[in-house]
Ligand code: SF4
């Protein structure tokens, strides 16, 4: 799968409260509604600015803080195609894979705001079109690749009825 | 080969001789969800085709994050949880019972040697009683509810050796804030932490929970401590489960060993808007505050309320400060009433709210206004955390919060102790 979009840059330690504030997540399970408030405390107009396929690009420790799965889901429902960061917080990383949001660990210092990016998930390649450079990607653990291939953990369980990494 | 606590618990629960870096599928002893995460887990459970729980006696939901419900939307989610629990015949702690991380150990659901997951990041709290417990998301919780298992990467461990004795007026909260300030918000990401040494073994279990609770604030998967007679005593009368204490081997491999001498430690404060933005209190002393909050799974325990009531006894809080107290559980609330602590706090000017999370996570019961400064005993001070992104949250020990409520500005508790 080839993903294409514009980079929206954020800094280090972007926590789940910034991704989707706690004051919204308790109110509803309507992810389209939550998506409207994604990144709101950092950039009040973020949702209006983005287009389908655009990418969130951040520094270290993206997704730190709470275990709310509403965070990757709000990003996914805002039609962001993937998140690239120098590193991710553990629970967010698991949640993203489980819910089928592609997360890519790579050196994001070579990406500036508004750069056009192409991400080949199969090959694990990030191509910065604006700068004409290829950025290497840290590969996912095998277990996560199997879950992603099944389309997330829900589909993995639908298919196998249990964990199946054979 | 020698093992850390994490390596031993994962080996025992996966049937594999596991070391840091290994991927294992491990059996779980207990799983928990709260009202911010369980509703989504119920959706995932249904979508996965889940029918029965792996073991209804090992599953609990807690309605604490937005309890009692302040809004219709929340009420609908609470109802969803109640109906699911009734159908699946598992435990549900409803409004007023308390914060999940107080309830799970207090009600005897977790004992030393257990492997526990909770759909809440501060599930790492139970490390203080020698269990490996960690936070997961809703879909992982659903998979755990169906299968009783989850996959894990066995983590490396950072060991903190804390020697010396804390001065009067300095508490476990000050120590963990200092450590997080030093290690940073992602200094232990993907890793477990172990806390050992005289400073830990002389602490009461209530104080140890504060440290394990905040391990996630440096990215850690778990905040583990050894079993000892204090844990044994704390557990007696709470749980029918048999403890299986796990000790690290003396020559286990650690990714890092960090030494602290706590005897010179001063009260610490985490400043806005990150938990690792920690300064000695003296650097922010006298900063005016508008709201003081004592509660949460970090510092809403009996011990915490007791320390606060000693400082506030017979005195009144500053006239321009709002002082909110949320006991961590119904049982803490009752014990505090029996000891006269609640009486003292209310007489001093406290607004006591239902045991639960409310103010901590900004759902209700104390949302600050624009530009206001809050001093809180919670574990997070992110922008917007308490419901208003234009407020400023500082974190400190219950003693510091109580002293500051009296003066209306950030105050060193040592002047009151
Ligand atoms: S008290 Fe705060 S940190 Fe603890 S579980 Fe509740 S919301 Fe989370």
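The values are calculated or read from the model by the stated rules, or taken from the named source; none is laboratory data. Since the model is a prediction, treat every value here as computed from it, not as a measurement. Cβ sites come from the backbone with ideal geometry, for glycine too, and all protein chains shown count toward neighbours.
Listed values, structure above:
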item: Residue B:68 within 16 Å of the ligand (Cβ to nearest atom) and surrounded by fewer than 21 Cβ atoms within 10 Å (Cβ to Cβ); result: yes
item: Pair list, Cβ under 6 Å, 6 or more apart: the stretch B:314-337 residue away from chain A (no Cβ under 14 Å) and at pLDDT 95 or above, other residue away from the ligand (no atom under 15 Å from the Cβ) and assigned to a strand (DSSP E or B); result: B:317/B:323; B:321/B:292; B:322/B:291; B:323/B:292; B:323/B:350; B:324/B:351; B:325/B:350; B:325/B:352
item: Residue, farthest from the ligand (Cβ to nearest atom), within the stretch B:335-364, restricted to residues that are under 18 Å from residue B:305 (Cα atoms) and assigned to a loop (DSSP other than H, G, I, E, B); result: B:340
item: Filtered residues of the stretch B:347-365 (kept if within 19 Å of residue B:289 (Cα to Cα) and surrounded by fewer than 22 Cβ atoms within 10 Å (Cβ to Cβ)); result: B:348, B:349, B:351, B:352
item: Options A:73, A:42, A:34: the member that is over 22 Å from residue A:123 (Cβ atoms), within 14 Å of chain B (Cβ to nearest Cβ) and surrounded by fewer than 18 Cβ atoms within 10 Å (Cβ to Cβ); result: A:42
item: Positions within the stretch B:116-163 being more than 16 Å from the ligand (Cβ to nearest atom), surrounded by 24 or more Cβ atoms within 10 Å (Cβ to Cβ) and either within 21 Å of residue A:141 (Cβ to Cβ) or within 8 Å of chain A (Cβ to nearest Cβ) (or both), in sequence order; result: B:132, B:139, B:140, B:142, B:143, B:144, B:152, B:154, B:155, B:157
item: Given (1) touching a strand residue (DSSP E or B) at 6+ places or on another chain (Cβ under 6 Å); (2) more than 14 Å from chain B (Cβ to nearest Cβ), index of the condition residue A:123 fails; result: (1)
item: Any hit, the stretch B:164-182, residues being within 21 Å of residue B:111 (Cα to Cα) and assigned by TED's automatic domain parsing to the domain that holds residue B:128; result: no
item: Selection count where residues are part of a loop (DSSP other than H, G, I, E, B) and facing another protein chain (nearest Cβ under 9 Å), scope the stretch B:71-97; result: 1
item: Within the stretch A:98-120, considering residues that are over 19 Å from residue A:60 (Cβ atoms) and in contact with a helix residue (DSSP H, G or I) (Cβ under 8 Å, 6 or more places away or on another chain), the one farthest from the other protein chains (Cβ to nearest Cβ); result: A:100
item: Filter result for residue B:9 (surrounded by 24 or more Cβ atoms within 10 Å (Cβ to Cβ) and more than 12 Å from every other protein chain (Cβ to nearest Cβ)); result: yes
item: Strands (runs of 3 or more DSSP E) wholly inside the stretch B:7-65 that include at least 1 residues being closer than 17 Å to residue B:152 by Cα; result: B:23-27, B:30-34
item: Test: residue A:135 is surrounded by 13 or more Cβ atoms within 10 Å (Cβ to Cβ), farther than 28 Å from residue B:54 by Cβ and at pLDDT 95 or above; result: yes
item: Meets criteria (without any contact (Cβ under 8 Å) to a residue 40 or more places away in the chain, more than 16 Å from the ligand (Cβ to nearest atom) and either surrounded by fewer than 19 Cβ atoms within 10 Å (Cβ to Cβ) or within 14 Å of another protein chain (Cβ to nearest Cβ) (or both)) for residue B:201; result: yes
item: Which numbered condition residue B:368 misses (of (1) assigned to a loop (DSSP other than H, G, I, E, B); (2) more than 14 Å from chain A (Cβ to nearest Cβ); (3) away from the ligand (no atom under 12 Å from the Cβ)); result: (2)
item: Any pair with Cβ under 8 angstrom, 6 or more apart, that starts in the stretch B:64-76 at a residue that is outside the structural domain of residue B:330 (by TED's automatic domain parsing) and at negative phi and ends at one that is modelled with pLDDT of 95 or more and more than 16 Å from the ligand (Cβ to nearest atom); result: B:69/B:75
item: Filter result (touching a strand residue (DSSP E or B) at 6+ places or on another chain (Cβ under 8 Å), touching a residue at least 40 places away in the same chain (Cβ under 8 Å) and over 17 Å from residue A:2 (Cα atoms)) within the stretch A:98-114; result: A:108, A:111, A:112, A:113, A:114
item: Subset of the stretch B:316-332 (residues that are part of a loop (DSSP other than H, G, I, E, B) and closer than 19 Å to residue B:210 by Cα); result: B:326, B:327, B:328
